[in-house]
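The structure appears right after this line, and notes come after that.
Each reported figure results from applying straightforward, stated rules to the coordinates on display, with no laboratory input. Values in this document were obtained by computation on a predicted structure and should not be read as measured data. Heads up, the Cβs are rebuilt from the backbone with ideal geometry, glycines too, and the neighbour counts pull from every protein chain shown.
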Amino acid sequence: MPKTPTPANFADALKATRKKLGLNQAEVATFLDVSPRAIWKWENGIAPPLALTAEGALARLAILKKAHAANRKLSKNTPL
């Protein structure tokens with residue numbers, strides 16, 4: 001079973017994943033069904049989400065990350 005990230009690790013993981021995907025905080029908030037202010041607070045370690053929310057947020061971003069990677073592979077293999 002994956003280890004639940006600590007608040008600081010969650011903040012770092014959330015921000016790094018968001019940036020890697022090229023998303024802004026509002027886009028992540030929409031995807032996770034929370035407010036943009038919540039994402040800002042989470043990334044800055046001000047108010048970490050409940051453990052279940054943190055796990056769910058990272059799981060949803062992992063799905064998005066896989067889809068993003070698959071799209072890049074498809075576009076690289078697509079003839080011009």
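Key figures for this structure:
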quantity: Protection proxy ranking, peptides 29-40, 58-69, average beta carbon neighbours within 10 Å, highest first; calculated: 29-40, 58-69
quantity: Charge sum, other residues only, whose C-beta stays under 14 Å from residue 23's C-beta, Lys/Arg counted +1 and Asp/Glu -1; calculated: +4
quantity: Neighbourhood net charge (12 Å Cβ-Cβ; Lys/Arg +1, Asp/Glu -1) for residue 43; calculated: +4
